[in-house]
Protein chains: 2
Amino acid sequence: MNLPKQVRLVEVGPRDGLQNEQQPISVADKVRLVDDLSAAGLSYIEVGSFVSPKWVPQMAGSELVFAQIKQRPGVTYAGLTPNLKGFEAALQAGVREVAVFAAASEAFSQKNINCSIDESLQRFVPLMDAAKLHDIRVRGYVSCVLGCPYEGAVAPEQVASVARELFAMGCYEVSLGDTIGTGTAGATRRLIEVVGRDIPRDKLAGHFHDTYGQALANVYASLLEGIAVFDSSVAGLGGCPYAKGATGNIATEDVLYLLNGLGIETGIDMEQLIAAGQRICTVLGKQNGSRVARARLAQASA
Amino acid sequence: MNLPKQVRLVEVGPRDGLQNEQQPISVADKVRLVDDLSAAGLSYIEVGSFVSPKWVPQMAGSELVFAQIKQRPGVTYAGLTPNLKGFEAALQAGVREVAVFAAASEAFSQKNINCSIDESLQRFVPLMDAAKLHDIRVRGYVSCVLGCPYEGAVAPEQVASVARELFAMGCYEVSLGDTIGTGTAGATRRLIEVVGRDIPRDKLAGHFHDTYGQALANVYASLLEGIAVFDSSVAGLGGCPYAKGATGNIATEDVLYLLNGLGIETGIDMEQLIAAGQRICTVLGKQNGSRVARARLAQASA
């Protein structure tokens, strides 16, 4: 069993996390969160999303967040851009890396972004062209890779087809998202085997939700398959939009604990990370979703 | 990677779980829980503990629980017996399988049961003799196998030594308990490798706590090492006595979800199991600790 020596964690708390928290928070609180995370050693932070605040009020002011964060050298600060308009706004805000997303499930694509998978991919063509022109790196997300809230099971071949398209379009890395957290270790392994036929494994990332408690086992199964990039959310920010009160994004702290235990390098400081997570939970007035953080805080108060 | 085709889950909720819940519940509620669990297909249930109610009020009336449960054929109903006195009480209650426990950490043994590891093992000699005489099977637990709340790290060789003693004394199976949930997948693998030199892997069980969110990854790592018996607690009953408010026992539902996803047989019905867990949580007035149960209940109420 060959585990990677280093893993890159893609911190999605400020975007995927906060976007799915009910209560929008101030630009200052977002800036503080991003700065806390880079100070803790995260080398990749998804800072915000360039979408209409009419649709996603939690992401309003992403351009201000980008303007106000302290940009540390060696850290990638990315913005989610659903279309060319969003990309142009990101460009204007000085963003140097963006992310696009497509669904592996037709029903999810229709319900979530009102178009077919193919149409959504076509929408990215002018965005990818503009990105090339401005030398902006683009990361691709595929959602519903291990199940869809509307269709149920999703075939690995279907995921592979969408991932291949994103990769062929110019995405330098494709993140495979178990949006509803229904996947288990066996399905994760099969998925990587199938998608890995078309895309080198060092160009793939895992994005697991913990709704059914499976996320960390899926991370471990992925590590054993050679995956070395994982998306996670500090303090488990985000919850699950498809099952209220259920767990969503895997907590960065819990993934880091696993990686530290396996002797895999990340460059992240656990104590600073826990402090960053606890601070944003206080702002949101919610319980910390990281079990590592909860255990440490319980010990500290004992 | 050869995964086992079948796994036996040892349900410890009525004992390890309820023992660590603050509020003692009635004999009738305990009987209902055990009967719900056997109806759901659990083939091994740790029903109670034969200790003084002065020390563990939550376990008072274990003999009444044994007398009142509906004993289904093919189901093992076990009682924890810390010493010969407890064993005799269990025998009188008609118990046909008991469990004993020792710690892998000297400090934990001293603080938890007021004697050294060796003394605690010596205490079991008359119990094991009596068990042989009455043809009662004895299962052994080793606690603190991946860390101790007082000593910190615990060497796998130390765990192996205690496990070997229990096995040599006549325990037919030894359950390795990560009592404080600090272990990660790598440490789990090494532990099984070391303990597995002395004891066949089909005589070992894994008992993981989820305090640091690692339990299910540890179960998966154990499955990959050929372990096919796991202790778990319905609805995650029990919490963590060493860090208040932190997560404790891994939830049976969450392990079952993993095993179902891997196509591993258990004979357990998920829906009945979730209903059993939710019922006892209502009795205790606490949130369900199983993420699978929470996700299902959230969906049902959506």
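Can you tell me which residues in segment A:109-149 are under 21 Å from A:Ala243 (Cβ atoms), in a helix (DSSP H, G or I) and open to solvent by less than 10 Å² (accessible area, probe 1.4 Å)?
A:Ser109
So which residues in segment B:160-176 are within 11 Å of B:Val142 (Cβ to Cβ) and either in contact with a Phe, Trp or Tyr (Cβ under 6 Å, 6 or more places away or on another chain) or not hydrophobic (A, V, I, L, M, F, W, C) (or both), if there are any at all?
Initially, segment B:160-176 is screened for residues within 11 Å of B:Val142 (Cβ to Cβ), giving B:160-167, B:171, B:174-176.
Of everything in segment B:160-176, those that are within 11 Å of B:Val142 (Cβ to Cβ) and either in contact with a Phe, Trp or Tyr (Cβ under 6 Å, 6 or more places away or on another chain) or not hydrophobic (A, V, I, L, M, F, W, C) (or both) turn out to be B:Ser161, B:Arg164, B:Glu165, B:Val174, B:Ser175.
Could you give every pair whose Cβ atoms fall below 6 Å, whose first residue belongs to segment B:1-19 and is over 30 Å from B:Arg32 (Cβ atoms), and whose second residue is assigned to a helix (DSSP H, G or I), counting only separations of at least 6 or pairs across chains?
The qualifying pairs are B:Met1/B:Leu224; B:Leu3/B:Leu223.
Only residues that are without any contact (Cβ under 8 Å) to a residue 40 or more places away in the chain, more than 10 Å from chain B (Cβ to nearest Cβ) and touching an Asp or Glu at 6+ places or on another chain (Cβ under 9 Å): list them for segment A:212-226, please.
A:Glu225
If you go through segment A:217-234, how many residues are open to solvent by less than 10 Å² (accessible area, probe 1.4 Å), closer than 26 Å to A:Leu18 by Cβ and not small (Gly, Ala, Ser)?
Residues meeting the conditions: 6.
Would you check which residues across segment A:150-173 are open to solvent by less than 10 Å² (accessible area, probe 1.4 Å) and either in contact with a Ser or Thr (Cβ under 9 Å, 6 or more places away or on another chain) or of a type in the set (Val, Ile, Thr) (or both) and list them? Before you say what the answer is, go through the steps one by one.
Within segment A:150-173, the subset open to solvent by less than 10 Å² (accessible area, probe 1.4 Å) is A:159-160, A:162-163, A:166, A:171, A:173.
Result: A:Val159, A:Val162.
Consider B:Ser109 against the criteria (1) in contact with a Cys (Cβ under 7 Å, 6 or more places away or on another chain); (2) farther than 30 Å from B:Lys286 by Cα; (3) in contact (Cβ under 8 Å) with a residue 40 or more places away in the chain: it satisfies all of them except one. Which criterion is unmet?
(3)
Can you tell me which residue is surrounded by the most Cβ atoms within 10 Å (Cβ to Cβ) among those in segment B:1-60 that are charged (D, E, K, R) and in a loop (DSSP other than H, G, I, E, B)? Break it down into steps so the answer makes sense when it comes.
If we filter segment B:1-60 for residues that are charged (D, E, K, R), which is where we start, we get B:5, B:8, B:11, B:15-16, B:21, B:29-30, B:32, B:35-36, B:46, B:54.
If we keep only those that are in a loop (DSSP other than H, G, I, E, B) as well, we get B:5, B:21, B:54.
Values: B:Lys5: 9, B:Glu21: 18, B:Lys54: 7.
The residue in question is B:Glu21.
Do we have B:Leu166 as without any contact (Cβ under 8 Å) to a residue 40 or more places away in the chain and more than 12 Å from every other protein chain (Cβ to nearest Cβ) here? I'd like the intermediate steps shown before the answer.
Values: without any contact (Cβ under 8 Å) to a residue 40 or more places away in the chain: no; more than 12 Å from every other protein chain (Cβ to nearest Cβ): yes.
Answer is no for this residue.
Is one or more of the residues making up segment A:207-215 of a type in the set (D, E, K, R) and surrounded by fewer than 24 Cβ atoms within 10 Å (Cβ to Cβ)?
The initial filter retains those residues of segment A:207-215 that are of a type in the set (D, E, K, R), namely A:210.
The next check asks that each one be surrounded by fewer than 24 Cβ atoms within 10 Å (Cβ to Cβ); those that pass are none.
Looking through segment A:207-215, none of the residues is of a type in the set (D, E, K, R) and surrounded by fewer than 24 Cβ atoms within 10 Å (Cβ to Cβ).
Can you pull out every residue in segment B:240-255 that is within 7 Å of another protein chain (Cβ to nearest Cβ), assigned to a loop (DSSP other than H, G, I, E, B) and modelled with pLDDT of 75 or more?
Matches in segment B:240-255: B:Thr247 only.
Among the candidates A:Leu258, A:Leu237, A:Leu273, A:Leu262, single out the residue that is within 7 Å of another protein chain (Cβ to nearest Cβ) and open to solvent by less than 10 Å² (accessible area, probe 1.4 Å). Walk me through it before giving the result.
Numbers: A:Leu237 fails: within 7 Å of another protein chain (Cβ to nearest Cβ); A:Leu273 fails: within 7 Å of another protein chain (Cβ to nearest Cβ); A:Leu262 fails: open to solvent by less than 10 Å² (accessible area, probe 1.4 Å).
Of the residues listed, the single one that is within 7 Å of another protein chain (Cβ to nearest Cβ) and open to solvent by less than 10 Å² (accessible area, probe 1.4 Å) is A:Leu258.
Any residue in segment A:189-211 that is facing another protein chain (nearest Cβ under 10 Å) and assigned to a helix (DSSP H, G or I)?
Yes: one or more hits.
So, in segment A:73-94, exactly how many residues are assigned to a loop (DSSP other than H, G, I, E, B) and either farther than 22 Å from A:Glu173 by Cα or in contact (Cβ under 8 Å) with a residue 60 or more places away in the chain (or both)? Even if it seems obvious, please write down each step before you answer.
Going residue by residue through segment A:73-94, those that are assigned to a loop (DSSP other than H, G, I, E, B) are A:73-75, A:81-83, A:93-94.
Okay, now just the ones that are also either farther than 22 Å from A:Glu173 by Cα or in contact (Cβ under 8 Å) with a residue 60 or more places away in the chain (or both), so A:93.
Matching residues across segment A:73-94 total 1.
So which of A:Ala235, A:Ala221 ends up being of a type in the set (A, V, I, L, M) and more than 27 Å from A:Glu193 (Cβ to Cβ)? Give the derivation first.
Values: A:Ala221 fails: more than 27 Å from A:Glu193 (Cβ to Cβ).
Criteria check complete, one pass: A:Ala235.
It is to be established whether one or more residues within segment A:64-78 are modelled with pLDDT of 95 or more, under 24 Å from A:Ile180 (Cβ atoms) and not β-branched (Val, Ile, Thr). So that I can check it myself, show each step before the final result.
Residues of segment A:64-78 modelled with pLDDT of 95 or more: A:64-78.
Right, trim to under 24 Å from A:Ile180 (Cβ atoms) and you get A:78.
Now restrict to residues that are not β-branched (Val, Ile, Thr): A:78.
The answer is yes; a qualifying residue exists.
How many residues are closer than 29 Å to B:Ala160 by Cα and open to solvent by 10 Å² or more (accessible area, probe 1.4 Å) if we restrict to segment B:63-87?
The first filter runs over segment B:63-87 and keeps only residues closer than 29 Å to B:Ala160 by Cα, leaving B:76-87.
In the following step, the residues that additionally are open to solvent by 10 Å² or more (accessible area, probe 1.4 Å) were identified as B:76-77, B:82-85.
Matching residues across segment B:63-87 total 6.
Out of curiosity, is A:Ala155 out of contact with any Phe, Trp or Tyr (no Cβ under 7 Å at 6 or more places or on another chain) and farther than 29 Å from B:Glu253 by Cα?
Working: out of contact with any Phe, Trp or Tyr (no Cβ under 7 Å at 6 or more places or on another chain): yes; farther than 29 Å from B:Glu253 by Cα: no.
When the stated conditions are applied, A:Ala155 does not pass them.
If I filter segment A:281-302 down to residues being away from chain B (no Cβ under 13 Å) and touching an Asp or Glu at 6+ places or on another chain (Cβ under 7 Å), which single residue comes out as least open to solvent (accessible area, probe 1.4 Å)? Give the steps one after another, and end with the answer.
Step one: of segment A:281-302, the residues away from chain B (no Cβ under 13 Å) are A:281-286.
This time we only want the ones that are touching an Asp or Glu at 6+ places or on another chain (Cβ under 7 Å), so: A:283-284.
Details: A:Val283: 53, A:Leu284: 19 Å².
Ranking the qualifying residues of segment A:281-302, first place goes to A:Leu284.
Keeping to segment B:174-183, report how many residues are open to solvent by 10 Å² or more (accessible area, probe 1.4 Å) and within 11 Å of chain A (Cβ to nearest Cβ).
The total comes to 2.
The values are calculated or read from the model by the stated rules, or taken from the named source; none is laboratory data. This one's a predicted model, so the numbers in the text were calculated from it and none came from an experiment. In this analysis, Cβ positions are derived from the backbone assuming ideal geometry, glycine residues included, and neighbour counts consider all displayed protein chains. All accessible areas refer to the heavy atoms of the entire protein, side chains included, with ligands and DNA or RNA removed. Shrake-Rupley method; radii C 1.70, N 1.55, O 1.52, S 1.80 Å.
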